[in-house]
Amino acid sequence: MKQTFCVLIILISSLTTYGQTKFYIHLNSDVNVDSVSVAGINFSKRLKSGLQNGIAKFEIPSKSSDQYFIYVADKRIDGWFNTGKIDIYLEFKENELSISKTKKTPVYDRQATYFRNYEAFLKDKSNGAEFIKKAIIENDQDAFVLVPLNHYLKLYQNDIVQLNFVESFLNKQPLSTKQHTIFSMISSRIEKLKATNNINLEKYSLISTEGNKTLIEIDSVVEFTVLDFWFTSCPPCIKEHNEILSDPSMFSNLNAELIGISTDIDQEKWIKYLAKKNINWRNYWIGKTNLAKDLGIWSFPTYLILDKEENIVGSYSNIEDTIKALKK
């Protein structure tokens, strides 16, 4: 779950010490490894510890359960872990890193089950998304609740009743969860979804593929315009671009035009990507404008459907749902 999952792995928030978490990382490796590193969503640099008898020890100031990133050699594995004294057992074999088991961290077990269910859901949505709502309730008062809440928000971002459900659940979380940057981003997204019904594109000067500042002009011939917010290091974005390239007329057949808006930091990387993929629809680089921020967009890809008056018809997180909405 890079800027959705994609964004989750780079979020940094202010650190307030509520307790001490002790990680005892047990490493079983088929090569010689002298140290293990840990980074977290709440601090900006890695902590490093040498191995003694195959165990690396860390003391981490922590608020509540949190998302951590464990590095062995050039490999990384992510997970949410409880506060307290935690044992994490790693396998590093054939240059692959995995967690074989954990002790005293029930949130890790819940997240492992949840992500298995979520991956299955993405492949086949016929069984519905009730498991996400169940996970929200099961993780109430725990920081991990932000993960299923974000997924639920992405699914129902055009449903005011469900937006209110997510908002009410957020508001009753403890202070330690509310201090997460993820919390503020979800809150901001809900606020923008509920308050923003129209985009005045004339306010935003973007960068064209020729490197010129320009405004996005809506094609008056088409009934709908779809804005695709994406960036080049976002795997789901790239996957969906490949899907579009396999059926170049999927939008024009529905009287719609797709316009890409890259949120890349590196303009050159964006240009090279367009050339390599032979992207043939209009694309702009967001540059220093506040377009994504003003819309509360931080999860990628995000597709906004606009009508001819630049009213927001709907907001979606994948091509499949976007196409379904255009067909209605």
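The values are calculated or read from the model by the stated rules, or taken from the named source; none is laboratory data. Every value quoted in this text rests on a predicted model; they were computed, and no experiment measured them. Please note: Cβ atoms are built from the backbone with ideal geometry, for glycine as well, and neighbour counts cover all protein chains shown. Accessible surface is based on the protein model in full, side chains and every heavy atom, while ligands, DNA and RNA are left aside. Shrake-Rupley method; radii C 1.70, N 1.55, O 1.52, S 1.80 Å.
Every condition in (1) open to solvent by less than 20 Å² (accessible area, probe 1.4 Å); (2) part of a loop (DSSP other than H, G, I, E, B) is met by residue 258 except one, and the failing one is (2).
Against the criterion of being farther than 27 Å from residue 178 by Cβ and either touching a Leu at 6+ places or on another chain (Cβ under 9 Å) or assigned to a strand (DSSP E or B) (or both), residue 91 qualifies.
Of all residues in the range 229-255, count the ones that are outside any loop (DSSP other than H, G, I, E, B), surrounded by fewer than 22 Cβ atoms within 10 Å (Cβ to Cβ) and touching a Phe, Trp or Tyr at 6+ places or on another chain (Cβ under 9 Å). Quick ask: steps written out before the conclusion?
Pass one, the range 229-255, residues outside any loop (DSSP other than H, G, I, E, B): 229-230, 235-246, 252-254.
Still in the running and surrounded by fewer than 22 Cβ atoms within 10 Å (Cβ to Cβ): 235-236, 238-240, 242-246, 252-254.
This time we only want the ones that are touching a Phe, Trp or Tyr at 6+ places or on another chain (Cβ under 9 Å), so: 235-236, 238, 240, 244, 254.
Residues meeting the conditions: 6.
Can you spot a residue in the range 36-46 that is outside any strand (DSSP E or B), open to solvent by 60 Å² or more (accessible area, probe 1.4 Å) and not polar (S, T, N, Q)?
The first filter runs over the range 36-46 and keeps only residues outside any strand (DSSP E or B), leaving 41-42.
Next cut, open to solvent by 60 Å² or more (accessible area, probe 1.4 Å) only: none.
Scanning the range 36-46 turns up no residue that is outside any strand (DSSP E or B), open to solvent by 60 Å² or more (accessible area, probe 1.4 Å) and not polar (S, T, N, Q).
Applying the set (1) part of a strand (DSSP E or B); (2) at pLDDT 95 or above; (3) not aromatic (Phe, Trp, Tyr) to residue 78 leaves exactly one unmet item: (2). Applying the set (1) touching a strand residue (DSSP E or B) at 6+ places or on another chain (Cβ under 6 Å); (2) at pLDDT 95 or above; (3) crowded, with 17+ Cβ neighbours inside 10 Å; (4) within 23 Å of residue 181 (Cα to Cα) to residue 56 leaves exactly one unmet item: (4).
The residues of the range 123-153 that are among the polar types (S, T, N, Q), over 21 Å from residue 240 (Cβ atoms) and in a helix (DSSP H, G or I) amount to a single one, 127. If only residues of the range 180-219 that are outside any strand (DSSP E or B), basic (Lys, Arg) and open to solvent by 50 Å² or more (accessible area, probe 1.4 Å) are counted, the one that is farthest from residue 41 (Cα to Cα) is 203.
For the range 108-122, indicate whether the set of residues that are touching a helix residue (DSSP H, G or I) at 6+ places or on another chain (Cβ under 8 Å), outside any loop (DSSP other than H, G, I, E, B) and open to solvent by 60 Å² or more (accessible area, probe 1.4 Å) is non-empty. Within the range 108-122, one or more residues are touching a helix residue (DSSP H, G or I) at 6+ places or on another chain (Cβ under 8 Å), outside any loop (DSSP other than H, G, I, E, B) and open to solvent by 60 Å² or more (accessible area, probe 1.4 Å).
Residue 255: farther than 24 Å from residue 158 by Cβ and touching a helix residue (DSSP H, G or I) at 6+ places or on another chain (Cβ under 9 Å), yes or no?
Numbers: farther than 24 Å from residue 158 by Cβ: no; touching a helix residue (DSSP H, G or I) at 6+ places or on another chain (Cβ under 9 Å): yes.
No, not satisfied.
Just one of (1) in contact with a helix residue (DSSP H, G or I) (Cβ under 6 Å, 6 or more places away or on another chain); (2) under 30 Å from residue 160 (Cα atoms) fails for residue 318. It is (1). Just one of the listed residues (222, 226) is open to solvent by less than 40 Å² (accessible area, probe 1.4 Å), under 19 Å from residue 196 (Cα atoms) and among the aliphatic types (A, V, I, L, M), namely 226.
Could you check the range 279-328 for strands (runs of 3 or more DSSP E) lying wholly inside it with 3 or more residues that are open to solvent by 20 Å² or more (accessible area, probe 1.4 Å)?
Values: elements: 283-285, 302-306, 312-316.
The strands (runs of 3 or more DSSP E) meeting that bar are 312-316.
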